[in-house]
Amino acid sequence: MADNTSKRGAGDRNRVAAGQGYELRYFARKHGLTTAQANDLIRRIGNDRAKLNEAAVRLRRSSSGKDDGTSQASA
């Protein structure tokens, strides 16, 4: 069923609709993810925007922050 764009209350803002391409693309672009990565997060975590934002930040840190000072070099 299509998203009713006339109903844009707080409930709609607190969720990411994975079935709506524009929302998926926006979320992915906002966090520097691919749409596949964003879709995977939504599938695993659910569509709660706050939880997804936190998970996306953690994903970006883990994938791009390989040298964040927490890992030790092997000798």
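The values are calculated or read from the model by the stated rules, or taken from the named source; none is laboratory data. This structure is a prediction, so every number in the text was calculated from the model and none was measured. Cβ: placed from backbone, ideal geometry, glycine included. Neighbour counts: every protein chain shown.
Condition check: out of contact with any Leu (no Cβ under 8 Å at 6 or more places or on another chain) and at pLDDT below 75. Does LYS30 satisfy that? Judged against the criteria, LYS30 is not a match. Among the residues of region 45-60, are any in a loop (DSSP other than H, G, I, E, B), modelled with pLDDT under 95 and farther than 16 Å from GLU23 by Cα? There is no residue in region 45-60 that is in a loop (DSSP other than H, G, I, E, B), modelled with pLDDT under 95 and farther than 16 Å from GLU23 by Cα.
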